[in-house]
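Chemist: Take a look at this one; I'll ask things after.
The values are calculated or read from the model by the stated rules, or taken from the named source; none is laboratory data. All figures in this text were calculated on a predicted structure; none of them were measured in a lab. Using ideal geometry, Cβ is built from the backbone for each residue, glycine included, and neighbour counts are taken over all protein chains shown. Heads up: the accessible areas ignore ligands, DNA and RNA and are worked out on the full protein's heavy atoms, side chains in. Shrake-Rupley method; radii C 1.70, N 1.55, O 1.52, S 1.80 Å.
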Amino acid sequence: MSSLQEAKTRDAADPLGKWRQHFDLPEGVTYLDGNSLGPLPQKAKAVMQDAVERQWGHDLIRSWNSNDWIGAPQRIGGKIAGLIGAAAGEVIVADSVSVNIFKLLTALAKTRPDATHIISETGNFPTDVHVAAGAAEMLGLKLKLLPRDEITSALADDTAVLLLTHVHYKTGARFDMAGITAAAGAKGIPVIWDLSHSTGAVPLDLPRDGAEYAVGCGYKYLNGGPGAPAFIYAAKDRQEALRAPLQGWMGHRQPFAFEDTYEPAAGLDRMLVGTPSILSMLALEAGVEVMAAADMQAVWQKSQALFDYMAELMAARCPQFQMVSPTDAAERGSHISFAHEHAWPINNALIAHGVIGDFRAPDILRLGLTPLYLGFEDIWKAVDILGRIMDRKEWQKPEYNAAAKVT
């Protein structure tokens, strides 16, 4: 197994090493779960203090204008746009991923009145398939869940919408966005891409890949805080055809005219619904600004190096784990996953030793490789600790096998 000194040497030469100072990370903790909840950006602390004490506490309702609270969804969306290759006006921040999937699914399905079904992947993240099932039932459609190698061949003229997660939440496997979007487009089928495990993790250029619709998460790699708002992307030339199923006042052409009749706003503003959650929005903005300032190509190169290093160390020190993530970097995101029948108590033991990863049922140990604040020494120490846990069978302790509400 590679030595600790070798890991330290690689960290010393790492051009991204300085980015760790932008995050408030607990002493003695190796955080390998930024793919689930990003850590607190240092910048967010000052932003939130100002938002609470000055903007809310002193300026009160005047802040909607004086501090541009009302423009937060568009302003922050514009900053996220730069991370996914989109143009100004093609991204807006609103609601949650679940709600945004529902809005896009129903809006797009209604544009294909002769369609009979929605397609998604077997084993897709639960919220995607649950929302799709509910939308399908409401629209009188069927939901077809298919293995990823059968999806392209199943696309048909009567497919309403294809809903896929770009990077799989469990294994990290990545779809060929350009290829699948082109295959669906040849039959006139709109594709919604869930970018929850992609944005801030892998280089994205949605227009280059032909993607026209997407949703994404704010609290993972964008470090926007727990429950941070999500975002919607729609290509400029597709926006006017969208008719949101949730016709809230913030999506109205003139929300402060207080009209009884609903008229959708121009562009992507029509996908807004209710009053924006300003404190959450401002925390997200701080996280997005940190991510946007980094060189995404350098981030991705380091992600690949961290992945290869952990895969090498795990094979040498913990061979009882089976890696289930793709070895080809072009086919994966920025986390690495291993299968083990006792993954749940093993992960709990890791956490007790200061290494925070996560568990995904039924048997996956999932470890996030977030290059802005992780180094090679972190990876070496995490694998060393895991090896000692396995050698001593510490995971067998009753406290590590206890159930928990959140896994």
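Chemist: Being crowded, with 22+ Cβ neighbours inside 10 Å, free of Cβ contacts under 8 Å to residues at least 40 places away in the same chain and either closer than 26 Å to LEU222 by Cα or among the hydroxyl-bearing types (Ser, Thr, Tyr) (or both): is that true of PHE338 here? Before you say what the answer is, go through the steps one by one.
Modeler: Working: crowded, with 22+ Cβ neighbours inside 10 Å: yes; free of Cβ contacts under 8 Å to residues at least 40 places away in the same chain: yes; either closer than 26 Å to LEU222 by Cα or among the hydroxyl-bearing types (Ser, Thr, Tyr) (or both): yes.
So PHE338 passes the test.
Chemist: Could you grab me the full set of residues in the stretch 1-35 that are over 29 Å from HIS197 (Cβ atoms) and either part of a helix (DSSP H, G or I) or at pLDDT 95 or above (or both)?
Modeler: Scanning the stretch 1-35 gives LEU4, GLN5, GLU6, LYS8, THR9, ALA12.
Chemist: Same structure, new question: Please state which one of GLY210, GLY224, GLY172 is surrounded by fewer than 24 Cβ atoms within 10 Å (Cβ to Cβ) and small (Gly, Ala, Ser). Give the derivation first.
Modeler: Values: GLY224 fails: surrounded by fewer than 24 Cβ atoms within 10 Å (Cβ to Cβ); GLY172 fails: surrounded by fewer than 24 Cβ atoms within 10 Å (Cβ to Cβ).
Sole residue among the options that is surrounded by fewer than 24 Cβ atoms within 10 Å (Cβ to Cβ) and small (Gly, Ala, Ser): GLY210.
Chemist: Among residues belonging to the stretch 256-278 that are of a type in the set (A, V, I, L, M) and more than 13 Å from ILE76 (Cα to Cα), point out the one that is most open to solvent (accessible area, probe 1.4 Å).
Modeler: That would be ALA266.
Chemist: Does GLY38 satisfy the criteria of being in contact (Cβ under 8 Å) with a residue 24 or more places away in the chain, open to solvent by 40 Å² or more (accessible area, probe 1.4 Å), out of contact with any helix residue (DSSP H, G or I) (no Cβ under 6 Å at 6 or more places or on another chain) and assigned to a loop (DSSP other than H, G, I, E, B)?
Modeler: No: the conditions fail for GLY38.
Chemist: For the stretch 379-400, name all the residues that are touching a Phe, Trp or Tyr at 6+ places or on another chain (Cβ under 7 Å) and farther than 19 Å from LYS8 by Cα. Steps first, please.
Modeler: Looking only at the stretch 379-400, we keep the residues that are touching a Phe, Trp or Tyr at 6+ places or on another chain (Cβ under 7 Å), and these are 379, 389.
Across the stretch 379-400, the qualifying residue is only ILE389.
Chemist: Additional query: Which residue, of THR106, THR116, THR122, THR111, is free of Cβ contacts under 8 Å to residues at least 40 places away in the same chain and β-branched (Val, Ile, Thr)? Give the derivation first.
Modeler: On the way: THR106 fails: free of Cβ contacts under 8 Å to residues at least 40 places away in the same chain; THR116 fails: free of Cβ contacts under 8 Å to residues at least 40 places away in the same chain; THR111 fails: free of Cβ contacts under 8 Å to residues at least 40 places away in the same chain.
Answer to the check: THR122.
Chemist: Would you call PHE359 assigned to a strand (DSSP E or B), open to solvent by 10 Å² or more (accessible area, probe 1.4 Å), more than 25 Å from GLN5 (Cα to Cα) and not small (Gly, Ala, Ser)?
Modeler: yes
Chemist: Any idea how many residues of the stretch 227-255 are open to solvent by less than 60 Å² (accessible area, probe 1.4 Å), more than 15 Å from VAL93 (Cβ to Cβ) and modelled with pLDDT of 95 or more?
Modeler: Number of matching residues: 5.
Chemist: If you don't mind, another one. Residue under question is PHE359, and the condition is that it be of a type in the set (Phe, Trp, Tyr), at pLDDT 95 or above and more than 19 Å from the chain's Cα centre (by Cα); does it hold?
Modeler: Values: of a type in the set (Phe, Trp, Tyr): yes; at pLDDT 95 or above: yes; more than 19 Å from the chain's Cα centre (by Cα): no.
No, not satisfied.
Chemist: Only one residue in ALA293, ALA311, ALA286, ALA235 is within 30 Å of ALA7 (Cα to Cα) and either in contact (Cβ under 8 Å) with a residue 40 or more places away in the chain or touching a Ser or Thr at 6+ places or on another chain (Cβ under 8 Å) (or both). Which one?
Modeler: On the way: ALA293 fails: either in contact (Cβ under 8 Å) with a residue 40 or more places away in the chain or touching a Ser or Thr at 6+ places or on another chain (Cβ under 8 Å) (or both); ALA286 fails: within 30 Å of ALA7 (Cα to Cα); ALA235 fails: within 30 Å of ALA7 (Cα to Cα).
Going through ALA293, ALA311, ALA286, ALA235 in turn, just one is within 30 Å of ALA7 (Cα to Cα) and either in contact (Cβ under 8 Å) with a residue 40 or more places away in the chain or touching a Ser or Thr at 6+ places or on another chain (Cβ under 8 Å) (or both): ALA311.
Chemist: How about the stretch 133-166: which of its residues are farther than 22 Å from ALA211 by Cα and open to solvent by 70 Å² or more (accessible area, probe 1.4 Å)?
Modeler: Of everything in the stretch 133-166, those that are farther than 22 Å from ALA211 by Cα and open to solvent by 70 Å² or more (accessible area, probe 1.4 Å) turn out to be GLU137, MET138, LYS142.
Chemist: Looking at PRO371, PRO319, can you tell me which residue is under 30 Å from ARG148 (Cβ atoms), in a loop (DSSP other than H, G, I, E, B) and touching a Lys or Arg at 6+ places or on another chain (Cβ under 7 Å)?
Modeler: Of the residues listed, the single one that is under 30 Å from ARG148 (Cβ atoms), in a loop (DSSP other than H, G, I, E, B) and touching a Lys or Arg at 6+ places or on another chain (Cβ under 7 Å) is PRO371.
Chemist: Could you please find all residues in the stretch 51-61 being open to solvent by 50 Å² or more (accessible area, probe 1.4 Å), more than 18 Å from PHE256 (Cβ to Cβ) and not in a loop (DSSP other than H, G, I, E, B)?
Modeler: Of everything in the stretch 51-61, those that are open to solvent by 50 Å² or more (accessible area, probe 1.4 Å), more than 18 Å from PHE256 (Cβ to Cβ) and not in a loop (DSSP other than H, G, I, E, B) turn out to be VAL52, GLU53, ARG54, TRP56.
Chemist: Quick one: GLU341 ticks every box in (1) under 30 Å from ALA107 (Cβ atoms); (2) part of a loop (DSSP other than H, G, I, E, B) except a single one, so which number is it?
Modeler: (1)
Chemist: Here's a follow-up. Looking only at residues in the stretch 97-132 that are of a type in the set (Gly, Ala, Ser) and surrounded by fewer than 18 Cβ atoms within 10 Å (Cβ to Cβ), which one is nearest to TRP193 (Cα to Cα)? Give the derivation first.
Modeler: We begin by selecting, within the stretch 97-132, every residue of a type in the set (Gly, Ala, Ser); these are 98, 107, 109, 115, 120, 123, 132.
From what is left, the residues that are surrounded by fewer than 18 Cβ atoms within 10 Å (Cβ to Cβ) are 98, 123.
Details: SER98: 13, GLY123: 15 Å.
If we take residues in the stretch 97-132 being of a type in the set (Gly, Ala, Ser) and surrounded by fewer than 18 Cβ atoms within 10 Å (Cβ to Cβ), then SER98 is nearest to TRP193 (Cα to Cα).
Chemist: Given ARG10, ARG20, ARG54, which one is of a type in the set (Lys, Arg) and without any contact (Cβ under 8 Å) to a residue 24 or more places away in the chain?
Modeler: Only one candidate qualifies: ARG54.
Chemist: Same structure again: Out of the stretch 306-335, which residues are open to solvent by 30 Å² or more (accessible area, probe 1.4 Å) and within 22 Å of LEU16 (Cα to Cα)?
Modeler: Correct list: ASP308, GLU312, ALA330.
Chemist: Still on this structure, I have one more. Just wondering, is there one or more residues in the stretch 62-71 that are within 24 Å of the chain's Cα centre (by Cα) and surrounded by fewer than 16 Cβ atoms within 10 Å (Cβ to Cβ)?
Modeler: Yes: the stretch 62-71 contains one or more residues that are within 24 Å of the chain's Cα centre (by Cα) and surrounded by fewer than 16 Cβ atoms within 10 Å (Cβ to Cβ).
Chemist: Given (1) in contact (Cβ under 8 Å) with a residue 60 or more places away in the chain; (2) in a loop (DSSP other than H, G, I, E, B), identify the lone condition not met by SER303.
Modeler: (2)
Chemist: Looking only at residues that are outside any helix (DSSP H, G or I) and open to solvent by less than 50 Å² (accessible area, probe 1.4 Å) in the stretch 344-355, which one is farthest from ILE379 (Cα to Cα)?
Modeler: GLY354
Chemist: Still on this model: Report, ordered by the first and then the second residue, all pairs with beta carbons closer than 8 Å, sequence separation of six or more or different chains, a first member in the stretch 80-101 that is basic (Lys, Arg), and a second member that is assigned to a loop (DSSP other than H, G, I, E, B) and crowded, with 24+ Cβ neighbours inside 10 Å.
Modeler: none
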